[in-house]
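The values are calculated or read from the model by the stated rules, or taken from the named source; none is laboratory data. A quick note: this is a predicted structure, and the numbers were derived from the prediction, not measured. With ideal geometry, Cβ positions are generated from the backbone for all residues, glycine too; neighbour counts draw on all protein chains shown.
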Amino acid sequence: MFRMSQTPRSADLQLAIKSGPAGFPFKSELSLATLFEFWQKKYGDDTSAKGVFMRTVREQVRQVPELMGPIADLSVVERHRNLIQVLMAGIFAPAFFEQEFSAVLVPFQLKSFYATPLFERYLRAEDGTLRGRVNLDASMVSEMRTFFAYALILERVYGIKLVVDYPLILTVPDPDTGLDRHFRMDFDWRFVEVETIGPVPPLSDEVRKRLRRDFLDPEMLRDVLPPDRFAFRGFTVFKAIEVTDQEVLSSLERDLIDKESIVSHTRFNTLQDKLRTLFRRPDLRFGLAALDGDQVLVLNYGADGAECEHACIFADSRHHTVEEFRGSVYERAVVQGSPLIVEDLAEMPDRTPADDEIIEWGLRNIIVAPLLYQDRVIGTLELGSPTPGDLDATHLPKLHQILPLFSMAVQRSMEELNSRIQAFIKEKCTAIHPVVEWRFRKAVLKVIEQHAEDSGDRGMELEPIVFERIYPLYALSDIRGSSTQRSLAIQTDLLTQLRLARDVIRFAHDARPLPGLHELLYRVDKHAAKIQTHLHSGDEVSIIAFLRSNVEGLFDHLQTFAPSVRERIEAYRTALDPRIGTVYDRRRLFEESVTRIADGISSYLDLEEQTAQTIFPHYFEKQKTDGVDHQIYVGSSLLEDGRFDPLYLKSLRLWQLMVTCGVALRVNRLKEKLPVPLEVTHLVLVQHAPLSIRFRFDEKRFDVDGAYDIRYEIVKKRIDKAVIRGSEERITQPGKIAIIYSHSAEANEYRAYIDYLTSLGYFTGEVEDVELEELQGVHGLRALRIGIDLRNPKIERRVAITELQAAAADPARIATNPARN
């Protein structure tokens with residue numbers, strides 16, 4: 001069954017109708033009788049000049065009776081062409097005869113016997129049939145003829161009007177240029193008569209309904225309306241209306257939906273052929289380029305014969321830098337934001353190497369247009385010709401029609417490239433900080449380029465990601481004694497659960513004094529006594545296991561001893577946390593306090609980090625445990641353009657001190673609202689010497705690179721436990737900030753910062769400068785320590801970036817004239 005919704009292939013009409021009417025089931029005869037009847041009805045009784053003319057024609061036709069009957073031999077038409085031409089004036093207006101693609105055809109045979117000059121030149125084959133390709137496959141050409149015939153039978157014989165609504169497009173090569181031209185075909189059946197042979201086949205109401213429902217079922221049509229019961233006599237008027245522009249634009253739109261349309265060599269050539277047809281320029285050359293940061297991806301080289309079939313805009317393109325096109329016609333078009341026309345490149349002054357390369361390609365005339373997506377330039381489209389002046393301003397309207405199509409295609413290809421890059425990065429590295437994303441993107445693109453022949457990204461490994469001469473800034477806000485507090489909370493909850501278990505056993509023993517219960521009571525008391533003063537490693541696990549296997553397993557039986565036992569069991573079960581099945585009261589309060597502190601610090605850092613990025617782009621990461629630590633990396637190698645100045649490093653060090661004070665103030669305010677009041681200490685680790693960091697793909701994080709730089713990581717992990725030399729006092733104390741350093745230059749710089757921030761009300765009291773006890777593997781550390789003014793709400797306020805940078809440039813000067821917010 002033929003379905004009109006199918007997407008047909010193109011068929012050559014010559015091949016489709018080669019067998020002539022043999023593939024058409026109806027008898028069909030050429031006759032001009034209907035044309036003469038047309039003239040007779042219109043002017044037969046007219047007494048005007050038209051009537052006199054008609055009577056003259058009628059007399060001539062009477063002298064040629066062979067024209068009134070069926071015409072099997074077309075030589076009859078040739079012998080009387082002059083008379084037929086007069087008769088055809090009623091169909092073809094003489095004023096438009098030279099301008100139309102029209103013809104008169106034998107009914108349903110697509111064979112012409114009279115046509116306009118344009119039809120003769122472009123659409124008529126040597127044997128008189130219609131030539132070209134139609135937007136149907138070969139079998140459908142035959143079936144469409146049959147459907148048109150049945151539609152005419154149903155309308156003329158049965159009064160049933162069914163429209164076969166399908167746009168038939170004929171494509172023929174232009175004999176002058178060789179380029180395709182497209183025409184919409186229109187058939188006029190007014191001069192075709194339908195004759196019935198024998199009795200008219202009846203149609204019941206049910207059959208009529210079925211015809212309307214399944215008209216495109218050829219087998220059903222032949223059964224209901226046998227072809228041998230009908231014949232056609234007369235002629236068909238054919239008209240072709242050129243729709244080349246509309247068809248090419250629609251075809252381009254369909255083609256550019258395909259994600260490989262601009263990256264496949266074959267499809268790129270197809271696009272170029274269609275653009276040649278649209279612009280009527282057989283020698284037109286089409287070029288396309290996409291912008292990717294400071295790179296230009298040139299795609300048009302594929303049309304010159306390079307086979308690149310990787311379905312990737314990056315792998316299937318040549319890569320240049322934007323700088324290579326400086327001053328060229330491409331940059332000029334982008335700068336002016338509209339198409340640039342160069343009549344003759346060879347005559348253009350001040351050509352750049354990029355312009356000269358266009359001439360070397362054999363092009364003299366060029367139009368370059370910027371491709372825009374959401375008002376942003378994403379690439380360029382170029383149309384070129386070897387003939388100067390071949391492309392001019394008259395082609396701009398068509399160019400503006402296609403630019404949005406190619407903009408969307410380039411944007412989609414770039415988005416697919418970015419998605420591929422992001423997927424690769426996510427697989428290898430998880431989330432990447434925006435500041436260093438460019439470096440990972442560069443590494444992925446390098447992999448794609450090196451493995452262009454591979455079918456996928458699996459198994460491809462990124463090159464090492466290392467940033468050299470990076471300055472680290474580390475700060476930690478840690479809950480003082482969190483391990484001890486957590487241990488006390490566990491101890492309290494275990495003692496509570498043991499007490500509740502003891503109550504159950506004691507009441508059960510009172511109800512029934514069984515020796516086994518007395519022994520169990522002894523074991524519960526023994527566990528409680530063991531953890532009364534100190535909780536050892538493994539005590540929590542062993543006690544919970546004991547309770548579940550030795551106590552809770554008896555509950556179902558013990559509750560039958562007495563109502564009081566049942567009440568104690570209910571009290572025990574009610575006290576348990578439903579998620580973990582243990583008493584979790586004290587630990588819940590402790591963990592809630594820890595979480596609120598960590599969340600408060602984390603959200604504050606996230607907010608302030610947005611400001612810090614405006615000081616200078618840098619890598620930032622934070623980690624929440626019992627408190628929050630944050631790490632900053634800053635340096636020229638982190639940025640794609642390599643810019644950096646020590647002023648930004650000093651500004652970020654100042655910012656870190658200010659934010660750490662803000663953290664202390666926030667935590668101090670929060671302490672009064674916590675279920676378990678906890679103290680938080682703060683430290684900053686200083687290192688003037690730059691280091692190298694490497695991304696660890698196995699751990700999916702950055703880490704220092706090299707044996708010398710590993711000292712920094714060791715200090716980070718152990719410094720919160722450091723004590724002042726000759727004492728047991730921790731260097732970190734609540735309400736103070738400890739600044740850990742190794743060299744006097746570091747201390748001098750931070751003393752200047754402290755002086756400046758003290759003038760703004762961040763710090764109070766004297767600065768302590770103390771030596772620290774050696775840590776395992778680390779020695780020579782010292783610390784500056786000073787109190788934070790937790791009564792001053794201003795330390796939460798942000799200092800203007802300009803003032804912060806000025807302070808970094810000359811802290812001593814700013815300290816004498818502070819700018820307060």
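Quick notes on this structure:
- Taking the listed residues LEU381, LEU399, LEU371, the one that is touching a residue at least 12 places away in the same chain (Cβ under 8 Å) and more than 30 Å from ASP641 (Cα to Cα) is LEU399, with no other qualifying.
- Strands (runs of 3 or more DSSP E) lying entirely in the range 125-225 (those with 1 or more residues that are among the charged types (D, E, K, R), farther than 24 Å from THR270 by Cβ and at pLDDT 85 or above): 180-188, 192-196
- Of the helices (runs of 4 or more DSSP H) contained entirely in the range 489-562, those carrying at least 2 residues that are surrounded by 17 or more Cβ atoms within 10 Å (Cβ to Cβ) and touching a residue at least 40 places away in the same chain (Cβ under 8 Å) fall at 539-546, 555-558.
- For VAL157, the test of being over 15 Å from VAL224 (Cβ atoms) and among the aliphatic types (A, V, I, L, M) is failed.
- Single match in ILE341, ILE313, ILE257, ILE262 (criterion: outside the structural domain of THR171 (by TED's automatic domain parsing), aliphatic (A, V, I, L, M), modelled with pLDDT of 95 or more and touching a helix residue (DSSP H, G or I) at 6+ places or on another chain (Cβ under 9 Å)): ILE341
- Flag not set for LEU249, criterion: in contact with a Phe, Trp or Tyr (Cβ under 6 Å, 6 or more places away or on another chain), within 25 Å of LEU405 (Cα to Cα) and of a type in the set (A, V, I, L, M, F, W, C).
- Among residues that are under 22 Å from LEU488 (Cα atoms) and in contact with a Ser or Thr (Cβ under 9 Å, 6 or more places away or on another chain), HIS527 is included.
- Tally, over the range 333-390, of residues that are assigned to a strand (DSSP E or B) and under 26 Å from ASP294 (Cα atoms): 20
- Filter result for the condition that a residue is in the same structural domain as VAL207 (by TED's automatic domain parsing), touching a residue at least 24 places away in the same chain (Cβ under 8 Å) and closer than 21 Å to SER28 by Cβ, over PHE92, PHE119: PHE119
- Any hit, the range 255-267, residues being closer than 30 Å to ALA72 by Cβ, touching a strand residue (DSSP E or B) at 6+ places or on another chain (Cβ under 9 Å) and among the β-branched types (Val, Ile, Thr): no
- Condition check for LEU790: modelled with pLDDT of 85 or more and out of contact with any Phe, Trp or Tyr (no Cβ under 7 Å at 6 or more places or on another chain): yes
- The C-beta contact set for the range 414-437 (first residue in contact (Cβ under 8 Å) with a residue 40 or more places away in the chain, second residue assigned to a loop (DSSP other than H, G, I, E, B) and loosely packed, with under 12 Cβ neighbours inside 10 Å, distance under 9 angstrom, 6+ apart or interchain) comprises LYS428/GLU461.
- Residue-level check: of (1) within 18 Å of SER385 (Cβ to Cβ); (2) crowded, with 20+ Cβ neighbours inside 10 Å; (3) not polar (S, T, N, Q), ASP283 misses just (2).
- Flag if ILE737 is buried (at least 17 other Cβ atoms within 10 Å of the Cβ) and assigned to a strand (DSSP E or B): yes
- Among residues of the range 226-275, those that are more than 20 Å from LEU168 (Cβ to Cβ), in contact (Cβ under 8 Å) with a residue 12 or more places away in the chain and part of a loop (DSSP other than H, G, I, E, B), counted: 7
- Members of the range 616-647 found to be surrounded by fewer than 18 Cβ atoms within 10 Å (Cβ to Cβ) and assigned to a strand (DSSP E or B), listed by number: GLU621, LYS622, GLN623, LYS624, THR625
- Counted residues, the range 172-226 - those being exposed (fewer than 12 other Cβ atoms within 10 Å of the Cβ) and either over 29 Å from VAL243 (Cα atoms) or not assigned by TED's automatic domain parsing to the domain that holds GLU37 (or both): 11
- Restricting attention to the range 390-404, the residues being buried (at least 18 other Cβ atoms within 10 Å of the Cβ) and of a type in the set (A, V, I, L, M, F, W, C) number 3.
- For the residues GLU679, GLU713, GLU699, GLU672, the requirement of being among the acidic types (Asp, Glu), assigned by TED's automatic domain parsing to the domain that holds ASP645 and modelled with pLDDT of 90 or more singles out GLU679.
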